[in-house]
Amino acid sequence: MGWLWAIIVGFVLGLLAKAIIPGKQHSPLWLTTIFGIIGAIVGNAIARGIGIGETSGVDWGRHALQLVAAIVIVFLGDMLYTAMKGNKQRA
């Protein structure tokens, strides 16, 4: 069940990140989901590192860090995907 939640959260975080980033992103939906999963993992690690990994109630700080990490990773991942896709088309 943990993997299913990771995929669902990654999908939602990836889509939110794509909606927040200005302009059009060219990475496919499956890759955006993977970027979202990675963003959730990185956000959790940062939250644990600064001491807000687990709090009582809703972990708004952890969720905010997950979203920020997903935005950064989707942005950089899409740039890398576009660059690699462009290199394949030129070859």
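The values are calculated or read from the model by the stated rules, or taken from the named source; none is laboratory data. Worth saying up front: this structure is predicted, and the values here are computed from it rather than measured. Neighbour counts run over all protein chains shown; Cβ positions are idealised from the backbone, glycine included. Note: accessible area is taken over every heavy atom of the protein model, side chains too, but ligands, DNA and RNA are not part of it. Shrake-Rupley method; radii C 1.70, N 1.55, O 1.52, S 1.80 Å.
Just a few scattered comments:
- If you go through the range 53-81 and keep only what is open to solvent by 60 Å² or more (accessible area, probe 1.4 Å) and either of a type outside the set (Gly, Ala, Ser) or closer than 21 Å to Pro28 by Cβ (or both), you end up with Glu54, Thr55, Val58, Trp60, His63, Val68, Val72, Phe75, Leu76, Met79, Leu80, Tyr81.
- Cβ pairs under 9 Å, 6+ apart, first in the range 22-38 and within 15 Å of Val9 (Cβ to Cβ), second among the acidic types (Asp, Glu): Thr32/Asp78; Phe35/Asp78
- Selected residue (criterion: surrounded by the fewest Cβ atoms within 10 Å (Cβ to Cβ)) from residues of the range 1-41 that are of a type in the set (Ser, Thr, Tyr) and either modelled with pLDDT of 95 or more or within 9 Å of the chain's Cα centre (by Cα) (or both): Thr33
- Among the conditions (1) assigned to a helix (DSSP H, G or I); (2) free of Cβ contacts under 8 Å to residues at least 24 places away in the same chain; (3) of a type outside the set (Lys, Arg), the only one that Tyr81 does not satisfy is (2).
- Within the range 37-66, the set of residues being in contact with a Lys or Arg (Cβ under 7 Å, 6 or more places away or on another chain), closer than 18 Å to Ala6 by Cα and assigned to a loop (DSSP other than H, G, I, E, B) comprises Gly53 only.
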